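The next block holds one structure in the form of structure tokens; read it before the comments.
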Ligand SMILES: O=C(O)CCC(=O)C(=O)O
């Protein structure tokens, strides 16, 4: 895969809050990721992590949390013939807890949506109009194994040449499609970035505690990598102290790391996507109405309430503006006795 060659000594050192954001945007474009330290203060990290810790403990006690474990392809082949990607990459042995629907679980989780640093960087990659696609927290516990490499825009088929039919139709895409491109031609057309991931580190991320592993420059590969464990390509751990944020172009090959340490790794995963795409979490259904009424226009816009060229409209022909979710739709009407 010559177009993605890199060497560890040439990779830039992480940035910190206050550094020039033009450089952060350049790195996202060139390397496919950027790490920025100190975006959250220690007090902010403490407040968010405390709330997450309480919530996660309560969800475990009530049996409503999602507890999974990434599993390797070798195990997958033996155990899960025919299963879907999520089933292949996660078993229920309980090394990783996912906490979904975060916006309902404490206003401590809200500021990560509208953080000016991440918003500006996200805007540079997917444009002024974008929305939240998914928001969840993960707690990676000691013993959690390495996950297979993947990217997060797997559902978009690569653009075909004029003379070709698509190899896989859009409605038939699935995560196991790994071979859409035929060669390493640097002029081959690939999809642009439609999705940006921001991972907020609520504990230090270290190689030992399973820091996200990334393959620099792989966002230009245009293929979904094989999900084998050990990884068939070299990767680096995205390390940073608590309060840092890792931002990556969702085409970047990445995975959760192996947790060989002794303390849980806490993180928030805030994913943004272009307005053309369906979101993973349906925030209109998932956010409690009384909380939604307290949200700013910026937040509502990120949750999908902004009409984009007529998309996302309610029962009228509005083409722009914020949809009023409390407005009652007009129903069946008839004029009686009128001309
Ligand atoms: O938690 C991480 O470090 C990355 C997780 C990930 O890539 C996934 O769950 O798809």
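The values are calculated or read from the model by the stated rules, or taken from the named source; none is laboratory data. Because the structure is a prediction, the values reported are computed rather than measured. A quick note on method: Cβ atoms are made from the backbone with ideal geometry, for glycine too, and the neighbour counts reach across all protein chains shown.
Could you please let me know if residue 147 is in a helix (DSSP H, G or I) and either within 16 Å of the ligand (Cβ to nearest atom) or in contact (Cβ under 8 Å) with a residue 60 or more places away in the chain (or both)? Judged against the criteria, residue 147 is not a match. Within region 127-144, if we keep just the residues that are assigned to a loop (DSSP other than H, G, I, E, B) and in contact with a strand residue (DSSP E or B) (Cβ under 9 Å, 6 or more places away or on another chain), the residue that is farthest from residue 254 (Cα to Cα) turns out to be 129. Of the residues in region 168-191, none is part of a strand (DSSP E or B) and either within 13 Å of the ligand (Cβ to nearest atom) or buried (at least 19 other Cβ atoms within 10 Å of the Cβ) (or both).
Yes/no matrix, rows are residues, columns are (1) touching a helix residue (DSSP H, G or I) at 6+ places or on another chain (Cβ under 8 Å); (2) assigned to a helix (DSSP H, G or I); (3) at pLDDT 95 or above:
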site: 19; (1), (2), (3): no, no, yes
site: 23; (1), (2), (3): no, yes, yes
site: 26; (1), (2), (3): no, yes, yes
site: 45; (1), (2), (3): no, yes, yes
site: 51; (1), (2), (3): yes, yes, yes
site: 54; (1), (2), (3): no, yes, yes
site: 59; (1), (2), (3): no, yes, no
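Each residue in region 223-276 was checked for being more than 16 Å from the chain's Cα centre (by Cα), under 23 Å from residue 107 (Cα atoms) and near the ligand (Cβ under 10 Å from one of its atoms), and 1 pass. Test residue 32 against the stated conditions and say whether it is at positive phi and surrounded by fewer than 17 Cβ atoms within 10 Å (Cβ to Cβ). The answer is no for residue 32.
Filtering region 153-162 for residues that are more than 12 Å from the ligand (Cβ to nearest atom), assigned to a helix (DSSP H, G or I), more than 20 Å from residue 221 (Cα to Cα) and free of Cβ contacts under 8 Å to residues at least 24 places away in the same chain leaves an empty set.
Right, residue 165: at pLDDT 85 or above and over 21 Å from the mean Cα position of the chain (by Cα) or not? The answer is yes for residue 165.
Residue-by-condition table, conditions (1) within 22 Å of the chain's Cα centre (by Cα); (2) surrounded by 11 or more Cβ atoms within 10 Å (Cβ to Cβ); (3) at pLDDT below 95:
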site: 290; (1), (2), (3): no, no, no
site: 301; (1), (2), (3): yes, yes, no
site: 305; (1), (2), (3): yes, yes, no
site: 310; (1), (2), (3): no, no, yes
site: 313; (1), (2), (3): no, yes, yes
site: 318; (1), (2), (3): no, yes, yes
site: 329; (1), (2), (3): no, no, yes
site: 336; (1), (2), (3): no, no, yes
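Only a single criterion out of (1) within 16 Å of the ligand (Cβ to nearest atom); (2) under 29 Å from residue 235 (Cα atoms) is not satisfied by residue 127, namely (1). Of the listed requirements (1) within 30 Å of residue 50 (Cβ to Cβ); (2) buried (at least 23 other Cβ atoms within 10 Å of the Cβ), residue 237 misses just one: (2). What about residue 316, is it over 30 Å from residue 13 (Cβ atoms), touching a residue at least 60 places away in the same chain (Cβ under 8 Å) and either assigned to a loop (DSSP other than H, G, I, E, B) or away from the ligand (no atom under 13 Å from the Cβ) (or both)? Spelling it out, it is not the case that residue 316 is over 30 Å from residue 13 (Cβ atoms), touching a residue at least 60 places away in the same chain (Cβ under 8 Å) and either assigned to a loop (DSSP other than H, G, I, E, B) or away from the ligand (no atom under 13 Å from the Cβ) (or both).
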